[in-house]
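Report on the structure given below.
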Amino acid sequence: MQVIIVGCGKVGRNLAEQLQAEDIDITLVDVIADKIDDLCENIDAMGIVGNGASINTLMEAGVDTADILIAVTASDELNLLCCLIAQKANHCQTIARVRNPIYEKEIGFIKERLGVTMIINPEFAAAQEISRLLRFPSAIKIDTFARGRVELLKFKVLPEFKLDGMSVSQISDAFRSDILVCAIESRDNVSIPGGDHIIHGGNQVIHDGDMVSILASPLNAAAFFRKIGLKTNQVKNCIIVGGGTISYYLAHALLDMKIDVKIIEQNKNRCEHLSELLPDATIINGDGTNRSLLLEEGLSESESFVTLTNLDEENVFLALFAKSISDAKLVAKVNRLEFDDVIDSLDIGSVIYPKNITADYILQYVRATQNSIGSNVETLYHILDGNAEALEFAIREESAVTYIPLAELNLRKNLLVGCLNRNGRIRIPRGQDMIQVGDTVIIVTTHKGLRDITDIL
């Protein structure tokens, strides 16, 4: 497969690094030669210096034989123009990053009339992820499958949960909850409980301080969390620092959820604009890093605090400050990916990486395009700090894995068949369950690059 990436900023770089592991021929296009040279030193790709909206530049990049063109420059209009020219030159698949809220209601027109295959909006996707976390504040991370019918939730094991020393199989028995523990992160180890625990019972032990990920329907997840003593109600109010695009999308979503929203933004003109767009939100013109202002606006009593400034350092520092004076659900946005392990060690709650969200969406589409007959990759997330993947496959025809009990399949190690979705009914599978045509199947694994359901063997 041949893929052209126009734009070598943070998203383009992250995407190129991800696609490199997919056995894909990558061509990079950017107007800045240094960006091309720097990226081509680290990954196996061809670089073209030029304007991605120029037909001559795209022809030099091989658009006439490319399978997919992905435009992720800083300009929405340039991205759309690149896709339009590529589509006219070759009828190849095209993906555009479009961020401006003004285009949000025009996506249908853009896709249908301009021929853009897929529109990615990192800010909107990040806001959706944050809103899920504020709906279920006990989780550190929530990924959704089967159109919201299944969730992958990560939480930290605390002493009051009384889970210390319990094995994976004991948890299901003790709490009589239809959930599946599918990943355990300790200080020294990251593991996916072997698929054998579906049949024989898992013997991996959980300890206080571990990060545990479970698969379940939203109702079953909530029931389990209530049993171990975690809050399951959504927050009642939220303070957001920074009034950018993510803040707009997030505030809109939270207001729809009947959550009180307060936005602190330093730019007066932006405050006036937000006041017009969000009449039900409280917009405060002030410095969100000012300790006195935060206390005056009720940070110590707030149920959630989200930091969305343009500076990673500010976002992390503000979250640490909030942690020291309140019990609020904390969410911090971080753009730079290089220090994610350091940030995770600070234990500031949930950290959102918009660049990762964008790359996962695009990679999911690329993976699905590579195999669209037997089974499709419907959903894909990188989890466990990028050490594993959670994928949802749609089963379109019979294969070596269908109509055979899971206990009899020779599955790969470090791979878990986590959930079956059959006609909207969600089931945590046991050894005698079988994958059938028409199902969607959720797989959690440390093996990267799965494209077809038969790759689980």
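The values are calculated or read from the model by the stated rules, or taken from the named source; none is laboratory data. A quick note: this is a predicted structure, and the numbers were derived from the prediction, not measured. Positions of Cβ are generated from backbone atoms using ideal geometry, with glycine treated the same way; all protein chains shown enter the neighbour counts. Surface accessibility is based on the protein's heavy atoms, side chains included, excluding ligands, DNA and RNA. Shrake-Rupley method; radii C 1.70, N 1.55, O 1.52, S 1.80 Å.
In whole angstrom, note down how far apart the Cα centers of the range 292-360 and the range 20-70 are.
The range 292-360 and the range 20-70 have Cα centres spaced 34 Å from each other.
Among all the lysines, which ones have a C-alpha under 20 Å from Lys262's C-alpha, if same-chain residues fewer than 8 places away are not counted?
Lys236, Lys323, Lys329, Lys333
What is the sum of charges, Lys and Arg at +1 and Asp and Glu at -1, for the other residues whose Cβ falls under 11 Å from the Cβ of Leu134?
Its environment carries a net charge of +2.
Give the span of the range 124-182's Cα atoms along each principal axis, as three whole-Å numbers ordered largest to smallest.
Here the Cα extents, ordered largest to smallest, are 40, 25, 15 Å.
How much of the accessible area of the range 184-295, probe 1.4 Å, is carbon plus sulfur, in whole percent?
Summing carbon and sulfur atoms, their accessible area is 44 percent of the total for the range 184-295.
For Lys105, give me every one of the aspartates and glutamates with a C-alpha distance below 16 angstrom, ignoring sequence neighbours fewer than eight places off in its own chain.
Counting by Cα, and skipping residues close in sequence, Lys105 has these aspartates and glutamates nearby: Asp76, Glu77, Glu123.
Keeping every protein chain present and rolling a 1.4 Å probe, give me the accessible area per residue for the range 336-440 in Å².
Spelled out: the 1.4 Å probe surface of the range 336-440, per residue, equals 44 Å².
In whole percent, what relative contact order does the chain give with Cα contacts below 8 Å and a gap of six or more residues?
Relative contact order, the chain: 12 percent.
Could you work out what % of the accessible surface of the range 336-418 is carbon and sulfur, using a 1.4 angstrom probe and leaving DNA, RNA and ligands out of the count? Provide the component values of the computation, followed by the final result.
On the way: 1580 of 3460 Å².
The value for the range 336-418 is 46 percent carbon and sulfur by accessible area.
Taking the Cα centre of the chain as origin, sum charge times position over the Cβ atoms of Lys and Arg (+1) and Asp and Glu (-1), and report the length of that vector in debye to the nearest 20.
1400
So what's the convex hull volume per residue for the Cα atoms of the chain, in Å³?
Spelled out: Cα convex hull of the chain, divided by residues, is 147 Å³.
So what J values fall out for the range 430-446 if you push phi through Karplus, 6.51 cos²θ - 1.76 cosθ + 1.60 with θ = phi - 60°, rounded to Hz, Gly and Pro as x?
Ordered by residue, 3J(HN,Hα) equals 10, x, 8, 5, 10, 7, 10, 4, x, 6, 10, 10, 9, 10, 10, 7, 8 Hz.
Taking loop as defined by DSSP and a crowding limit of 10 other beta carbons within 10 Å, which trypsin sites (Lys or Arg not before Pro) in the range 368-443 fit?
Loop-located and lightly packed - none at all.
Just to confirm a number: summing +1 for Lys and Arg and -1 for Asp and Glu over residues other than Ile228 whose beta-carbon lies under 9 angstrom from that of Ile228, what do you get?
+2
Find the relative contact order for the range 256-336 and round it to a whole percent, using C-alpha pairs within less than 8 Å whose residues are 6+ positions apart.
So the answer I get is 24 percent.
Hey, if you put +1 on the Cβ of every Lys and Arg and -1 on every Asp and Glu Cβ in the range 77-197, which of Ala89, Val150, Ser138 ends up farthest toward the positive end of that dipole?
The one lying farthest along the dipole's positive direction is Ala89.
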